[in-house]
Amino acid sequence: MATAALVAAAPYLIEQAYEDYTAEQHEVWAELVRRCHPQVQEHACREYLEGYGAVGLRNDRLPNLREVGERLKSRTGWVTTPVSGFLPADAFFEMLAARLFPTTTYVRSRQSLEYTPEPDIFHDVFGHVPMHAHRVFSDFVQHYGSVCSKIGDPQVLELLGRLYWYTVEFGLIRQSGEIKAYGSGVISSHREMANVVARGCEIRDFNLDDVLDTKVKVDELQKRLFAIESFDQLYGAMQETERRVDAGVLR
Ligand SMILES: [Fe+2]
């Protein structure tokens, strides 16, 4: 089993007790999907929509991570792997480098449908997992984890956190002349998606230096996001990042 090789992440691995979810928790998932679905159908990128069906997500029930992981593994080698909560950086990078996507099993309550301070299963699975069915995007995330897992300098890691934030979490892409979302923070948040659609934020063409110069804002709607032209462009940016890290000149 691939998880046996994990060191830093080992203490955080758990099982998903799927049978223990209550009818109310399944209904919270269904309500969250209902809220996001119209926007996502219209404004998520085509790779996300294709991935959603490919990994077998259902609109009316919480995902069974073992089943999702099996489908994902046959596509791109990634496995959705249940973890107990927010991971320290070394554990997180170790998992990404091993193509194991850390996935929370907790589902937010009905009282906090709009916002949950910590990622829950809706953010992690509805938001992130479909994109991991796409080969180039998922290679980008694996490469990111592998580069970050070798870095000890917190300042360099903070800069690399910006790259993750403005791609995996809040990334946009131009498709057929329109802005579409591929980042989980946009796809899994009704408010963030509405903000993008209404152009409440500035949308710049993706540029690595620009991204590395833009601080992360975690507690407010995003004011500046970046649109790539293709996932190949994103993968190229990761290769450039690795070159700069190796040369000690990230920014
Ligand atoms: Fe996330």
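The values are calculated or read from the model by the stated rules, or taken from the named source; none is laboratory data. Note that the structure is a prediction, hence the values are computed from the model and not measured. Cβ: placed from backbone, ideal geometry, glycine included. Neighbour counts: every protein chain shown. Please note that ligands, DNA and RNA were not included when accessible areas were found on the heavy atoms of the full protein model with its side chains. Shrake-Rupley method; radii C 1.70, N 1.55, O 1.52, S 1.80 Å.
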Inset, instruction - Count charges around Glu31 for me, please; just the other residues with Cβ under 13 Å from its Cβ, Lys/Arg as +1, Asp/Glu as -1. - result: +1
Legend entry - Whole-number D in µm²/s for segment 118-249 (Stokes-Einstein; Kirkwood sum over Cα pairs; 10 °C, 1.306 mPa s): 105 µm²/s
Legend entry - Gaussian network model of the chain, Cα within-10 Å springs - most flexible of Ser109, Ser138, Ser189: Ser109
Legend entry - Spacing of the two label points (7 Å from each Cα toward its C-beta) at Glu50 and Arg135, in nm: 1.0 nm
Inset, instruction - Compute the Rg to Rh ratio over the chain from the alpha carbon atoms, using the Kirkwood formula for Rh, and round to two decimal places. - result: 0.94
Inset, instruction - Can you sort Glu240, Glu50, Glu202 by 1.4 Å-probe accessible area, starting with the largest? - result: Glu50, Glu202, Glu240
Inset, instruction - Give the accessible area for Trp165 in Å² (nearest 10); use a 1.4 Å probe, count only protein heavy atoms, and leave out ligands, DNA and RNA. - result: 50 Å²
Inset, instruction - Give the long-range amide H neighbours of Arg224: residues separated by 5 or more places, or on another chain, with amide H under 5 Å away, using H modelled in the peptide plane at 1.01 Å from N. - result: Glu202
Inset, instruction - Tally up the carbon and sulfur contribution to the accessible surface of segment 43-174 as a whole percent, 1.4 Å probe, everything protein left in place. - result: 52 percent
Legend entry - Among Thr22, Thr116, Thr167: highest mean-square fluctuation, GNM of the chain, C-alpha pairs under 10 Å: Thr22
Inset, instruction - For segment 108-119, take each phi angle, set θ = phi - 60°, evaluate the Karplus expression 6.51 cos²θ - 1.76 cosθ + 1.60, and give the result in whole Hz per residue in order, putting x for glycine and proline. - result: 4, 8, 4, 6, 10, 4, 6, 8, 10, x, 9, x
Legend entry - Surrounding net charge for Leu212, when Lys and Arg each add one and Asp and Glu each subtract one, Cβ distance under 12 Å: -1
Legend entry - Candidates Gly183, Gly161, Gly127, ranked by Gaussian network fluctuation over the chain, Cα under 10 Å, top entry: Gly161
Inset, instruction - Using label points projected 7 Å from each Cα along Cα→Cβ, tell me how many nm separate Ala10 and Asp153, to one decimal. - result: 3.1 nm
Inset, instruction - Kindly report the accessible area of segment 45-107 per residue (heavy atoms of protein chains, probe 1.4 Å, no ligands, DNA or RNA), in Å². - result: 43 Å²
Inset, instruction - Distance check, please: which entries in Lys73/Lys180; Lys150/Lys180; Lys150/Lys215 exceed 24 angstrom between their Cα atoms? - result: Lys73/Lys180; Lys150/Lys180
